[in-house]
Each structure stands twice: as structure tokens, then as C-alpha cells.
Amino acid sequence: MTRWAGFVGLTALLISVLLVLTRATERMVESDSRIQTTKRASRTTNSTDQTPSVDSSGPSSSVDSTDQTVPIDSTDPSSSVDSTDPSIPVDSTSGDSGRPPSSHDSTAASVPGEGIDSPAVDKSSLDPETSPTANPESPVSPGEPSLSPGALVANVALTQGLVAIVVIAGAWYFDVPLRALGIAGDSPIVAVATGLALGLVLWLASEVTTALSEAAGFGADEGLRRLLAPGTASGWLALLGVALPIVAASEELLFRAAAIGVPATGLGTSPWALSIVSSVAFGFCHGIQGRAGVIVTGVLGFALAAAYVHTGSLIVVIVAHYVLNVTEFLVHEGLGVDPIGT
């Protein structure tokens, strides 16, 4: 009895850690979204502020837009323009030729018509992504790194892989039999075929449940899936061939085998009561997907739990979980099809 209770305690600890990590990931992704939004706003603001348009076609324009240098007689006392103004080029050949030109005057005279479109201007200083002075009021430091799909995929694979290792090590340490985890006693071919069919059914159920949640006012957040979606063939290979299999195996091993199969076998707890508890925890571990995500994944988690209790096979639910995730990525991110009801 002690060894069973010890393993159940380890399972509860792992689920608690995952809930904490989920919340930390939510904050990280929210921060990244705010950074990207601020950068886009900064880029737009700087592009607008630093490329002013002058209407030179209007009849009221007093300056010929084709004349890049406007000579000003600095000896004319009626001139309302200060000849020392560095922003106005001065004709050093008119007026007081005996006055040595100032550094401002010589600069203005030597580069007639210099402006934002002049080749003499370093355009990199106007890029909000590369220039630290492009928008000094922006709270975002230029060049600040944001989350990349590769980093997120690696983070997910590493985290879930560690969870799976801990569960397996715990099962070995507490001498939990394989049958309690749902590994022994089933035909692999039948289990895989059943999992494939169940995964497709669950994907359709996920689409419908998400649409109903949206209609009820529970917004779904697809930000994490979009961030995880790769942009290269190698990225897709890593996601579909490494990360998603690890996620499916790890989550089913923890939330179905360890949280339902072991306590039901060793402690005599009702598997259906355990299914409800584990499904609620499973839903909250997907809180990054918004309130609708919590509801949808909770319902899907209970469906997987019911399949696990009914078949007693861990392989069935791992394959179904994997097929569900892969189909979502391929349909929505690979093919660009919007979810139902959005």
C-alpha cells in the first residue's frame, strides 16, 4: 500500500509543477505578444513621424519644392529669418561677403537639400528595430529577443520529456506493475488502429466544442499553436516527429496512466472519479489557450480518460492524443484553415 501511495504522491507533485510551469509560460507568451505589438506600433509611428509629406502643389506654397537651396540676404534688416539658423542653407556669395561662414552655414551650404531621403542620411538610424534612438519613448529595447518557434518546440519537448522520465523512474522505484499503467496485455496493431480512429473523432469533437465555446463567449487563444508552428521543413519535422510524440506520450502517461490507472489498481479508487479529477487538472494545464482552451481540453481529457478506462490501453490514448494534435497543426497552421466558428 505504501508504494502505491508514494507513486500517487509523486504524480500529484508532477501535476502541481506542470500547473506552475503552465502559468509561467502564459506570462512569457503574453509578454512576447505585448513586445511584438509594441514593436509594430513603434515601427509604424517612426515611419509616420520621420517621413513628412509636403504639399508643394498648392497655390499657397511660398517655396518652390524644386528649389533645394533658398538664398537669403543676411544684410537685409527686413528679413524675418535668422541667417544663423542651421536648418536654412545660406548663400555665402550674397550679402555680407566679409563675414566668415559659421560651421552651421558651411554645412548647410555644402549639402543642399539634405533631408530624410538624402543618400547622405544613415537610414539604419531610422529603423526602430536597429536604432536605439528611433523611438526613445518606446518601452521595448530594440533587438530584444522574442520567443521563436524553435525555442518553444525545444522547451515543450524538454519539459514533457523530463515529466515522462520522472514518471517512468517513479514507476520503477515504487515497483508499479506495467499492467497498472495500461502497457501490458493489448495488441499493438489493434491499439494503434483504435487510437487513429479515436484521434480523428476527438479532433472533430474539438472543433465543434471550440465553436460552441466561442459562441458562448469563452474566447479561445490560439497564440501558442501559432508560435509553435514552424516555418521550415526541418521545423515541421522536429515538431511532428519529436515534440508532439513526446507531448502525447508524456501527458497520457501522467494524466491517464499515473493519475487513473495506478490509484485505481493499487488503492481501489473509482476510475471514473479519478477521470474527472485528472481531466480538470488536464484542462487547467492548458490555460494558455484561454478559457475556451481549458474547457475544450478538459472535455477532451475526459474523453481520453474514458477511452483509457474502457480499453485499459495506454497505447490507444497516446496514439489518439498524437493524431489529435497533428491534425490540428496540419489543418490550421499547415493549410491555413480557420477553426469552425471563427
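Residue count for the range 172-187 under the criterion of being under 20 Å from residue 246 (Cα atoms) and either surrounded by 19 or more Cβ atoms within 10 Å (Cβ to Cβ) or out of contact with any helix residue (DSSP H, G or I) (no Cβ under 6 Å at 6 or more places or on another chain) (or both): the result is 4. Restricted to the range 308-342, and to residues there that are at pLDDT below 90 and hydrophobic (A, V, I, L, M, F, W, C), the residue that is surrounded by the fewest Cβ atoms within 10 Å (Cβ to Cβ) is 335. Here residue 329 meets each of (1) farther than 13 Å from residue 257 by Cα; (2) in contact with a Gly (Cβ under 8 Å, 6 or more places away or on another chain) with one exception, condition (2).
With the requirement that a residue be of a type in the set (D, E, K, R) and within 17 Å of residue 283 (Cβ to Cβ), what does the range 221-264 give you?
Pass one, the range 221-264, residues of a type in the set (D, E, K, R): 221-222, 225-226, 251-252, 256.
Result: 221, 222, 225, 251, 252, 256.
Here is a yes/no grid of residues against (1) open to solvent by 40 Å² or more (accessible area, probe 1.4 Å); (2) in a helix (DSSP H, G or I); (3) out of contact with any Gly (no Cβ under 9 Å at 6 or more places or on another chain):
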{"site": "226", "(1), (2), (3)": "yes, yes, yes"}
{"site": "230", "(1), (2), (3)": "no, no, no"}
{"site": "234", "(1), (2), (3)": "yes, yes, yes"}
{"site": "239", "(1), (2), (3)": "no, yes, yes"}
{"site": "243", "(1), (2), (3)": "no, yes, yes"}
{"site": "248", "(1), (2), (3)": "no, yes, yes"}
{"site": "259", "(1), (2), (3)": "no, yes, yes"}
{"site": "262", "(1), (2), (3)": "no, yes, yes"}
{"site": "272", "(1), (2), (3)": "yes, yes, yes"}
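Residue-wise test of (1) touching a helix residue (DSSP H, G or I) at 6+ places or on another chain (Cβ under 7 Å); (2) at pLDDT 95 or above; (3) assigned to a helix (DSSP H, G or I).
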position: 153; (1), (2), (3): yes, no, yes
position: 158; (1), (2), (3): no, no, yes
position: 170; (1), (2), (3): yes, yes, yes
position: 189; (1), (2), (3): no, no, yes
position: 200; (1), (2), (3): yes, yes, yes
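Inside the range 291-307, residues that are in contact (Cβ under 8 Å) with a residue 24 or more places away in the chain and open to solvent by 20 Å² or more (accessible area, probe 1.4 Å) make up a count of 6.
The values are calculated or read from the model by the stated rules, or taken from the named source; none is laboratory data. Small disclaimer: the values here were computed from a predicted structure and weren't measured. Heads up, the Cβs are rebuilt from the backbone with ideal geometry, glycines too, and the neighbour counts pull from every protein chain shown. Please note that ligands, DNA and RNA were not included when accessible areas were found on the heavy atoms of the full protein model with its side chains. Shrake-Rupley method; radii C 1.70, N 1.55, O 1.52, S 1.80 Å.
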